[in-house]
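This report concerns only the one structure given below.
The values are calculated or read from the model by the stated rules, or taken from the named source; none is laboratory data. What you see is a predicted model; the values in this text were computed from it and never measured. Cβ atoms come from the backbone with ideal geometry, glycine included; neighbour counts cover every protein chain shown. What goes into the accessible areas is simple: the full protein's heavy atoms, side chains included, and nothing from ligands, DNA or RNA. Shrake-Rupley method; radii C 1.70, N 1.55, O 1.52, S 1.80 Å.
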Amino acid sequence: MIDIQSIPSPCYVLEERLLRRNLELIKRVKERAGVEIILALKAFALWKTFPVVREYISCATASSVHEARLVFEEMGSRAHACSPAYTEKDIAGLLQYSSHITFNSVRQFNQMYHLVKADGNRVSCGLRINPEYSVVKTALYDPCMTGSRLGVTSDMLRNSLPEGIEGLHFHALCESSSYDLANMLEAVEKRFGHFLPYVKWLNMGGGHLMTHEDYDADHLIALLVSFRAKYPNLQIILEPGSAFVWRTGFLLTTVVDIVDNRGIRTAIIDASFTCHMPDCLEMPYRPTIRDAMEPAPDKPAYRIGGCSCLSGDYMGDWSFKSPLKTGDRLIFEDMIHYTIVKTTMFNGIPHPSIAVWTAADELKILRTFSYEDYRDRMD
């Protein structure tokens, strides 16, 4: 049982039992489908938890040299690297830490492949493809939107792949279902199917929210088994991020003031949406607050405001069983994926602490942040 009062505010708290629950499902899918599932660090890079993650999966994907180095040094494996563009300095770093490098364009591959060859071709090279099929409703997160800078379209390749390309990689889903993946694979086969018998691997990217309570994991397994049977030459790779830590923890905050403007009451907390919960504003979506409810005429209602100076740093509205007061603690659910990795220190606002509630029912503080953390970023 989590002792909320023992947690400093504000604080991200990862619950180890819930993390292991997700990892067990991911491992089951991996083993039954005969595929490789790796962690996308762009969603979750809390490396002090990697010893737990390594009990279930062995590798991760990286979008930069820093992420690839983190995988290599803290996870103990070589990364699968994928980025919209690389410099020669990037490639030199990635060659140290990666097993696979996916290129976003034929031009970049042709420009950089001599470095891979000079390294002895130890790294397997792939090409990101754009299936030109959209299932993502929010344009900000849609890699297949018209004019997208991400991936090579089929007309750019025609009937041949550059010499040295061993795999294809598509990343075109976002918190999607196995049925979305089935439709996406049809689009991939329609445009790129003639290449599939001749490459070694196919990376199906991320966006597979297999740990969501409504996700049909058995359908995913059957789909992947069928696809592997059709293309026995292919190593199939999936690299979800959110699925690993979906609903595995929360952000604890405290109400520091309540302001009233023409009947709109705003409870201002010691955290910020723009600094600490950016996807709420970017996606956008309204997060769940523990013990709060939809606005009800017979219950006190509040807009929740962040503590930055950005006018739009707020979300609303929620009703509560009783009026809020300063010092009350508010818990924002499901605040582990795409939060800690995307936070800022805008306004010099202190970063929330980071903690794990262990399987032994103990609070383990992983990191607290100080003035020096802010100052040194500006050095």
Report summary line: Computed over the chain: longest principal axis from alpha-carbon atoms vs helix 16-33 long axis, angle to nearest 10 degrees, is 20 degrees
Report task. Take peptides 120-127, 301-308, 201-208 and line them up by average Cβ neighbours within 10 Å, highest first, as a rough protection proxy. Result -> 201-208, 301-308, 120-127
Query raised in the report: With every protein chain left in place, what is the accessible area per residue of segment 1-149 in square angstrom, probe 1.4 Å?
Result: 46 Å²
Report task. Any chance you could look up the accessible area of Ile268 with a 1.4 Å probe, heavy atoms only, rounded to 10 Å²? Result -> 40 Å²
Query - Carbon/sulfur fraction of accessible area - segment 1-81, other protein chains in place, 1.4 Å, % - result: 51 percent
Report summary line: Per its Cα gyration tensor (rounded if a/c is under 1.5, else prolate when a/b beats b/c, else oblate), segment 65-216 is best filed as oblate
Requested in this report: Could you give the size of the charge dipole of segment 215-360 about its Cα centre, using +1 on the Cβ of each K and R and -1 on the Cβ of each D and E, expressed in debye and rounded to the nearest 20?
Outcome: 60 debye
Query raised in the report: How far is helix 178-192 tilted, in degrees, relative to the longest principal axis of the Cα atoms in the chain, given as a value from 0 to 90 rounded to the nearest 10?
Result: 30 degrees
Query raised in the report: Based solely on its DSSP helices, what 222 nm [θ] is calculated for the chain when runs of n ≥ 4 H residues each add -39,500 (n - 2.57) and the sum is averaged over all residues, nearest 500 deg cm²/dmol?
Result: -7500 deg cm²/dmol
Query raised in the report: Between segment 88-153 and segment 195-229, what's the alpha-carbon centroid distance in Å?
Result: 20 Å
Query raised in the report: Between Leu330 and residues 5 or more places away or on another chain, which pairs have amide H atoms under 5 Å apart, with H built 1.01 Å from N, and which residues are they?
Result: Thr253, Thr254, Val255
Report task. About the Cα centre of the chain, how large is the charge dipole given +1 on each Lys and Arg Cβ and -1 on each Asp and Glu Cβ? Please answer in debye to the nearest 20. Result -> 640 debye
Query - log₁₀ of I(q)/I(0) at q = 0.18, 0.22, 0.23 Å⁻¹ - segment 55-124, Debye sum with one point per alpha carbon - result: -0.60, -0.87, -0.94
**Report entry** Built amide H within the under 5 Å cut-off of Ala81, gap 5+
**Finding:** Ala62, Ser99, His100, Ile101, Thr102
Report summary line: Counting only protein heavy atoms with a 1.4 Å probe and every protein chain in place, the carbon and sulfur fraction of the accessible surface of segment 155-262 in whole percent equals 45 percent
Query raised in the report: Of Thr248, Ile336, Ala43, whose Cα points farthest to the positive end of the dipole of the chain (charges on the beta-carbon: +1 Lys, Arg; -1 Asp, Glu; origin at the Cα centre)?
Result: Ala43
Query - Folded to 0 to 90 degrees: helix 106-118 orientation relative to the chain principal axis, Cα - result: 70 degrees
Query - Selected from Pro295, Gly348, Leu70, residue furthest toward positive end of dipole (the chain; charges at beta carbon) - result: Leu70
Report summary line: The answer for segment 328-379, accessible area per residue at 1.4 Å probe in Å², is 53 Å²
Query raised in the report: So what is the relative contact order of segment 101-192, in percent, for Cα pairs below 8 Å that sit 6 or more residues apart?
Result: 33 percent
